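Q: The structure that follows is given in the form of structure tokens.
The values are calculated or read from the model by the stated rules, or taken from the named source; none is laboratory data. A quick note: this is a predicted structure, and the numbers were derived from the prediction, not measured. Here the Cβ positions follow ideal geometry from the backbone for every residue, glycine too, while neighbour counts run over all protein chains shown.
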Amino acid sequence: MKNKKDSYMGDVGIIRKIDDIPELKDELIAAFDAKCHDHKAISCYSLLLAQHVLDLTGTEPDDAINECFDVIRKWQEGKAKFQDARNVAFRLHNLAREEKDSIKVKVYRVMGQVAATPHVKRHALIASDYAVTLINLMHPKDMDEVRKERELQIGLMRSI
């Protein structure tokens, strides 16, 4: 097992306000590190996570969210470039800044990170953290829900 600082996530604290279970986050990072040689597989994890977040929140995909799924699938088929994915990610983050509904803001944040995964694999881990912030919002201070979310993420990562 790699040291946390040696992982693709490094010791970067992208999301500062997060109620989390560090040992489960470390387990997710270790599962990521075991798969990180396969960029397409990591993008598959991102798609699975994105669908989970939509199901979890009952969010109906809008055009931007559909574009997120489409650009990843096209990239996996060699029909989209990294820049295409980045452009979709920027659009989703702009929508998050404009959105008033706090749940939808988090959904857009997850989707923005998912869309950026073809550009940089570790965006899949950042998307995972945003999913935990979504759980924090939906279930404040409920570490059982955080545990369920992280365990689901670990399962998804290992399944790819």
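Q: Can you tell me which condition L48 does not meet? The list is (1) touching a helix residue (DSSP H, G or I) at 6+ places or on another chain (Cβ under 7 Å); (2) outside any loop (DSSP other than H, G, I, E, B); (3) of a type outside the set (F, W, Y); (4) modelled with pLDDT under 95, and all the others hold.
A: All conditions pass for L48, except number (4).
Q: Return yes or no: is M157 more than 22 Å from I42 (Cβ to Cβ) and either of a type in the set (A, V, I, L, M, F, W, C) or surrounded by 20 or more Cβ atoms within 10 Å (Cβ to Cβ) (or both)?
A: So M157 fails the test.
Q: Run D62 past the list (1) surrounded by fewer than 16 Cβ atoms within 10 Å (Cβ to Cβ); (2) within 20 Å of V132 (Cα to Cα) and report the number of the one that doesn't hold.
A: Checking D62 against (1) surrounded by fewer than 16 Cβ atoms within 10 Å (Cβ to Cβ); (2) within 20 Å of V132 (Cα to Cα), the one that fails is (2).
Q: Still on this structure, I have one more. Whether any residue in the range 115-122 is among the polar types (S, T, N, Q) and in a helix (DSSP H, G or I) is what I want to check.
A: no
Q: Could you say whether any residue in the range 96-107 is in contact (Cβ under 8 Å) with a residue 12 or more places away in the chain, in contact with a helix residue (DSSP H, G or I) (Cβ under 9 Å, 6 or more places away or on another chain), assigned to a helix (DSSP H, G or I) and surrounded by 21 or more Cβ atoms within 10 Å (Cβ to Cβ)?
A: Yes, that holds for at least one residue.
Q: Given the structure, is N136 polar (S, T, N, Q), farther than 15 Å from H52 by Cα, in a helix (DSSP H, G or I) and touching a residue at least 60 places away in the same chain (Cβ under 8 Å)?
A: Here the answer is yes, as N136 does meet what is asked.
Q: On the given criteria, is A116 within 10 Å of the chain's Cα centre (by Cα), of a type outside the set (F, W, Y) and surrounded by 18 or more Cβ atoms within 10 Å (Cβ to Cβ)? First the steps, then the outcome.
A: Details: within 10 Å of the chain's Cα centre (by Cα): yes; of a type outside the set (F, W, Y): yes; surrounded by 18 or more Cβ atoms within 10 Å (Cβ to Cβ): yes.
Considered against the rule, which asks whether it is within 10 Å of the chain's Cα centre (by Cα), of a type outside the set (F, W, Y) and surrounded by 18 or more Cβ atoms within 10 Å (Cβ to Cβ), A116 comes out as yes.
Q: Any idea how many residues of the range 58-83 are over 20 Å from L48 (Cα atoms), touching a helix residue (DSSP H, G or I) at 6+ places or on another chain (Cβ under 9 Å) and either part of a helix (DSSP H, G or I) or in contact (Cβ under 8 Å) with a residue 60 or more places away in the chain (or both)?
A: Residues meeting the conditions: 0.
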